[in-house]
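FYI, it's all coordinate maths here, none of it is from the lab. Small disclaimer: the values here were computed from a predicted structure and weren't measured. Methodologically, a virtual Cβ is constructed for each residue, glycine included, from the backbone with ideal geometry; neighbour enumeration extends over all protein chains shown.
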Amino acid sequence: MTKCNDDTKQFEIEKDERVRSYAKNKELLTTGQEFLLNSLKQKYSYNFHWMGLPIIQYPQDIVALQEIIWDTQPDLIIETGVARGGSLLLYASLLEMIQSNGIVVGIDIDIRKHNRKRIVEHTLSHRIRLIENSSLDKTTIAEVKRYTEGKKRIMVTLDSNHTHHHVLDELNLYAPLVSEGCYLVVFDTVVEDMPSESFSDRPWGKGDNPKTAVVEFISQNKDFQIDQLLEQKLIISAAPSGYLRRCNSF
C-alpha cells in the first residue's frame, strides 16, 4: 500500500491564503452583503434551532463560535442576552464534548417562564446557570465574578440591549474577565451597516449600536484585536468587527 503524506499543514496554508483573497473579491463581498441585508429583513436568523431551542443566529456565526470554542477550550462562557436559549445550548453542548468542567452563565433582564422551563429541563441544564437581572447591575457582576473563581479560560458573548452606551458599558465591565487568547464576541454589530429606517421601533440604529461601541472600545483597549481573518472567512455575519480576541492581560 502507498502511504499518504499528511497534508494537514498545507491544507491550512491554502485555506488561509484563500480566505485572505476574499478581501479583494468585490463580487463575492457584494453578493454576501446583499444576501445579509435582504435576509435580515426576512428574519432569516430566526429559522434555526440548536438541540431543540431557537438559537437566533446566522449559521456562519454558529460555525465560527464552534471553531472558537474548540480552539480556545474555555471552561466558562458568559452570555448576556439569553433570548430563547439556543445559544446557551450551543455553548453547553460544546463544553460537554470538550469534556471539561465548564459551565455557561446566561444573563437576561427578562427570562420568560416558558423559556426558563425549557432550558432547566434540557439534558444539558447541568452546564447552565441563569441570572435574571440587568447585565450592568452590581449584583449581577458580583454573581458572575463568583462563577469565575477557579476558571482558567473565560469567554464572553454580548447580545442583549444593542444601544451604544449599553454595549460599551458591558464591554468595560466584562472585558477584564476574558482570558488571554480567548474571545469577547459582540453580536449585532451589523446594525451599523443596515438602512437607517430598519430600527424605527428600537432604541438603537445607525450611529448608535454595538459596532459603534466596539470602535470606541478598541480605540481605548489595545489588549483586544478584531479577528479580521475570521470575518473574511465568514463573509456573511451578524457580528462584523465583533469577534474580539484578547491578546494581552490587563
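Assuming charge only on the beta carbon of Lys and Arg (+1) and of Asp and Glu (-1), the dipole of region 91-209 about its Cα centre is about 700 debye to the nearest 20. Stokes-Einstein diffusion for region 86-165, with the hydrodynamic radius set to the Kirkwood value over Cα pairs and evaluated at 4 °C in a medium of 1.567 mPa s, equals 95 µm²/s.
Placing unit charges on each Cβ (+1 for Lys and Arg, -1 for Asp and Glu) gives the chain a dipole about its Cα centre, and among 230, 214, 64 the Cα reaching farthest toward its positive end belongs to 64. Helix content alone sets the calculated 222 nm mean residue ellipticity of the chain: runs of n ≥ 4 DSSP H residues at -39500 (n - 2.57) each, divided across all residues, give -13000 deg cm²/dmol. For the pair residue 18 and residue 67 in one chain, pulling the backbone fully straight at 0.36 nm per residue adds 15.9 nm over the alpha carbon distance.
May I ask for the net charge around residue 118, where only other residues with Cβ less than 13 Å from the Cβ of residue 118 are counted and Lys, Arg are +1 while Asp, Glu are -1? Around residue 118, the surrounding residues sum to +4. Binning the alpha carbon pair distances of region 1-122 at 10 angstrom intervals from zero yields the distribution 11, 30, 29, 21, 8, 1, 0, expressed in whole percent. Give the residue from 157, 102, 19 lying farthest towards the positive end of the charge dipole for the chain; charges sit on Cβ (+1 for Lys and Arg, -1 for Asp and Glu) and the dipole is referred to the Cα centre. After comparing all options, I get 102.
A cut-off under 12 angstrom between Cβ atoms defines the neighbours of residue 168, and their net charge, with Lys, Arg +1 and Asp, Glu -1, is -3. Potential lengthening of the chain between residue 222 and residue 44 amounts to 60.6 nm, from the contour at 0.36 nm per residue minus the alpha-carbon distance. Compared with the direct C-alpha span, the chain from residue 117 to residue 193 gains 23.8 nm at full extension, assuming 0.36 nm per residue.
Could you tell me the relative contact order of the chain? Use alpha-carbon pairs under 8 Å, at least six residues apart, and round to a whole percent. Value for the chain: 19 percent. With contacts taken as Cα pairs under 8 Å and at least 6 residues apart, region 1-115 reaches a relative contact order of 20 percent. Taking Cα centre as origin and charging only the Cβ of basic (Lys, Arg, +1) and acidic (Asp, Glu, -1) residues, the dipole magnitude of the chain rounds to 480 debye. Across the chain the C-alpha pair distances fall into 5 Å bins from zero in the proportions 1, 6, 13, 17, 20, 18, 12, 7, 4, 2, 1, 0, 0, 0 percent.
Count Lys and Arg as plus one, Asp and Glu as minus one, and take only other residues whose Cβ is under 11 Å from that of residue 19; the net charge is then -1.
Computed over the Cα atoms of region 13-54, the ratio of the radius of gyration to the Kirkwood radius (Rg/Rh) comes to 1.18.
Taking label points 7 Å from Cα along the Cα-to-Cβ direction, residue 25 and residue 10 give a separation of 2.2 nm.
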